[in-house]
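To start, the structure itself, in C-alpha cells.
The values are calculated or read from the model by the stated rules, or taken from the named source; none is laboratory data. Please read these numbers as outputs of a predicted model, since none were measured by experiment. Backbone-built Cβ (ideal geometry, glycine too); neighbour counts: all protein chains shown. Note: areas computed on protein heavy atoms with side chains; ligands, DNA, RNA excluded. Shrake-Rupley method; radii C 1.70, N 1.55, O 1.52, S 1.80 Å.
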Amino acid sequence: MNEYNKEPLSLWQGTVELPFFKRLSEDIKTDVLIIGGGLCGLLTAYRLKEKGVDCVLVEKGRIMGGVSGNTTAKITAQHGLIYHKLIKNMGEEKAKLYLNINLEAIEKYAELSEKFDCEFQRKDNYVYSSQSRDKLEKEMKALRILGYKAEFERSLPLPVESYGAVKFPSQAQFHPVKFAKGISDKLKIYENTFVREVGDCVCQFSLL
C-alpha cells in the first residue's frame with residue numbers, strides 16, 4: 001500500500017524502493033521552484049541541475065506517487081491516431097514539429113537511461129482500430145505527408161478483431177520508478193510538503 005494515499009502500489013512502485021526525502025520545515029531561497037514530483041518535475045529539476053541552476057522540487061506526498069508511478073511505461077511519439085487531426089487542425093508544419101520533438105525525446109530518454117539501471121528497451125508501438133480501417137489509412141497518409149516511415153500491420157496477435165494497426169518502429173519502454181530513482185539522486189527534494197499559495201516571489205507551504 002502507498003503510505004500517503006493508501007492505494008495499492010503499481011507494478012513499478014511495488015518493485016523499487018525510492019529514497020525518502022524530508023519535509024520542508026524552514027524558510028529557504030531558490031532560483032527555481034518545481035511543484036510536483038512526477039517524471040516531468042524530476043526531469044526538469046535534473047536538467048536544471050545539469051546547467052548549474054539552483055532549484056528545489058516539492059511534492060505533496062511522495063515522488064512518483066501519482067500518474068507517473070502508474071504509467072504504461074511506454075515512451076513513444078504515437079499518442080493514438082492523432083497526426084491526421086493535427087494536420088487538419090494545426091497544419092503540416094506544427095504537426096511535424098510535434099512529431100519531431102517527441103521522437104527527439106525518445107532519444108533523450110535513451111541517452112539518460114544509459115546512466116541508470118532502468119530496463120530501457122527498444123520496442124515497436126502499435127495503435128489498432130476495431131471500428132474502421134479508414135481511420136488507420138488516414139493516419140498512414142498523414143504520416144507519409146510528414147515524412148515519417150510508419151508501417152501498416154494487417155493482423156495482430158490480439159484477442160479481439162481489428163482492422164489492422166499503425167506501427168511506429170523503434171519506440172521504447174522502461175521502468176519509470178527505477179529511472180526516477182536514478183535522476184532524483186542529489187536533487188533538492190522535499191516530500192510531504194503541500195503548496196498552498198504562490199505569490200510574485202514567495203510560496204507558502206503546509207506540512208501534511
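Surface listing: LEU143, LEU158 arranged by accessible area from highest to lowest gives LEU158, LEU143, probe 1.4 Å.
Protein chains only, probe 1.4 Å: how do VAL32, VAL166 rank by accessible area, largest first? List each step's numbers first, then the result.
On the way: VAL32 45, VAL166 0 Å².
These residues rank, largest area first, as VAL32, VAL166.
Before anything else, pin down the relative contact order of the stretch 145-192: Cα pairs under 8 Å, at least 6 apart, normalised by residue count, whole percent. Can you show the working numbers first?
Details: 27 pairs, mean separation 12.8, N = 48.
Across the stretch 145-192, relative contact order equals 27 percent.
Measuring from centroid to centroid over Cα atoms, what is the spacing of the stretch 141-204 and the stretch 88-115 in Å? That distance is 11 Å. Computed over the chain, the per-residue total of -39500 (n - 2.57) for DSSP H runs of n ≥ 4 gives a 222 nm mean residue ellipticity of -9500 deg cm²/dmol, rounded to 500. Database remark: amide H of GLY164 closer than 5 angstrom to the amide H of SER129 (H placed geometrically; neighbours at sequence offset of 5 or more, or on other chains; Pro and chain starts carry no H).
Its Cα centre serving as origin, the chain has a Cβ charge dipole (Lys and Arg +1, Asp and Glu -1) of approximately 440 debye. Size descriptors for the stretch 3-77 (Cα atoms only): Rg and Dmax, in that order, 13.8, 42 Å. Projected onto planes of every orientation and averaged, the convex hull of the alpha-carbon atoms in the stretch 15-134 covers 11.0 nm².
Applying the Karplus relation 6.51 cos²θ - 1.76 cosθ + 1.60 with θ = phi - 60° to the stretch 132-147 yields 3J(HN,Hα) values of 7, 6, 4, 4, 5, 5, 5, 5, 4, 5, 4, 5, 5, 4, 7, x Hz, where x marks Gly and Pro. Computed with every protein chain present, the accessible area of HIS79 is close to 70 Å² [probe 1.4 Å]. With the alpha-carbon atoms of the chain aligned to their principal axes, the span from lowest to highest coordinate is 59, 37, 31 Å, starting with the largest.
When the chain is fully extended, how far beyond the present Cα-Cα distance does GLU114 get from LYS135, taking 0.36 nm per residue of separation? Please list the in-between numbers first.
Details: separation 21, 0.36 × 21 = 7.56 nm, distance 3.70 nm.
Gain on extension, GLU114 to LYS135, equals 3.9 nm.
3J(HN,Hα) couplings calculated from phi for the stretch 20-32 with the Karplus curve 6.51 cos²θ - 1.76 cosθ + 1.60 (θ = phi - 60°) are, in sequence order, 8, 10, 6, 6, 7, 10, 8, 6, 9, 10, 8, 6, 9 Hz; Gly and Pro show x. For LYS188, nonlocal amide neighbours, meaning residues 5 or more places apart or on other chains whose placed amide H falls under 5 Å from its own, are LEU57.
Which of rounded, prolate, oblate describes the stretch 66-118, given a ≥ b ≥ c as roots of the alpha-carbon gyration tensor eigenvalues and a/c under 1.5 marking rounded, otherwise prolate only if a/b is larger than b/c? Since a/c reaches 1.5 but b/c is at least a/b, the shape of the stretch 66-118 is classed as oblate. The mean sequence distance of close C-alpha pairs (under 8 Å, at least 6 residues apart), as a share of the length of the chain, puts its relative contact order at 29 percent. With each label modelled as a point 7 angstrom along the Cα→C-beta vector, the LYS29-GLU50 pair spans 2.9 nm.
Under Stokes-Einstein, with the Kirkwood radius over Cα pairs standing in for Rh, what whole-number D in µm²/s applies to the stretch 119-208 at 4 °C and 1.567 mPa s? Don't jump to the answer; show the numbers that get you there.
On the way: Rh = 17.5 Å.
Using the Kirkwood radius from Cα pairs, D works out to 74 µm²/s.
Couplings for the stretch 79-87, taken from phi via the Karplus curve 6.51 cos²θ - 1.76 cosθ + 1.60 with θ = phi - 60°, read 10, x, 8, 10, 6, 5, 6, 5, 4 Hz in order; Gly and Pro are left as x.
Suppose every Lys and Arg Cβ carries +1 and every Asp and Glu Cβ carries -1, with no other charges. What dipole size does the stretch 1-80 come out with about its Cα centre, to the nearest 20 debye?
Details: 10 positive and 9 negative charges, 30 e Å.
Roughly 140 debye, rounded to the nearest 20.
Note: relative contact order over the stretch 40-138, using C-alpha pairs below 8 Å and six or more positions apart, is 23 percent.
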